[in-house]
Ligand code: DQA
């Protein structure tokens, strides 16, 4: 279930959602040489703190299911002012996720932990990139933090 911003955001701080796609729940144990040794909870905790420093309220959503990710994007149209998304494997296959992002009206950043352009050719294409404000990849979990910095300035 996507947690509504209204129930979380009791202050007027800008509300940002970070959406993690399939298999990112396994961060830390999944190919750590490629995706890092931090768990998703650890990454999200650091991003919550970074958000506080930047004056942002940050919520998180992870799903292994394409439709749930689309629902989270659609809800974000209603309740956020900025979005960060790592669509994971669906980056390279999902027209529908790209279509959902095409409707998102606020600044948005696509983040990949690994440098998808230094990997297999099938990872070089993203159905999402043309529908976001910018893309960060290959910077590990720091990419999310840099995306938050960008959103804090932009919003
Ligand atoms: C990823 C890159 C994708 O190609 C891959 O399928 C993932 C993670 C990344 O963060 O580097 O699951 O999005």
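Just so it is clear, none of the values below were taken in a lab; they were calculated from the coordinates. Note that the coordinates shown come from a computational prediction; the quantities given were computed from them, not determined experimentally. Quick reminder, even Gly has a Cβ in these numbers, built from the backbone with ideal geometry, and neighbours come from all protein chains shown.
Where Rh is the Kirkwood radius over the Cα pairs of the chain, the temperature 37 °C and the viscosity 0.692 mPa s, what D in µm²/s does Stokes-Einstein return? It would help to have the intermediate numbers written out before the result.
Working: Rh = 15.3 Å.
Translational diffusion coefficient: 214 µm²/s.
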If each of residue 49 and residue 120 carries a label point 7 Å out from its Cα toward its Cβ, how far apart are those two points in nm?
-> 3.6
Nearest-ten-degree value, helix 142-154 long axis tilted from longest Cα axis of the chain = 40
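So in the range 15-154, what percent of DSSP beta bridges are antiparallel if you round to the nearest 5? Mind showing how you got there, number by number?
Numbers: 0 of 18 bridges.
Close to 0 percent.
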Please label the shape of the range 95-155 as rounded, prolate or oblate, based on the square roots a ≥ b ≥ c of the eigenvalues of the alpha-carbon gyration tensor (a/c under 1.5 means rounded; beyond that, a/b larger than b/c means prolate, else oblate).
-> oblate
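At 222 nm, what value in deg cm²/dmol follows for the chain if DSSP H runs of at least 4 each add -39500 (n - 2.57) and the sum is divided by all its residues, to the nearest 500? Intermediate results must be reported in sequence, preceding the final value.
On the way: 6 runs with 59 residues, N = 155.
The helix contribution divided over the chain gives -11000 deg cm²/dmol.
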Distance from the Cα centre of the range 114-155 to that of the range 25-41, in angstrom?
-> 17
Rounded to the nearest 10 degrees, the helix 40-54 long axis (Cα) sits at an angle to the longest Cα principal axis of the chain of 40
In the Gaussian network model of the chain, springs joining C-alpha atoms below 10 Å, which of 111, 121, 103 carries the largest mean-square fluctuation?
-> 121
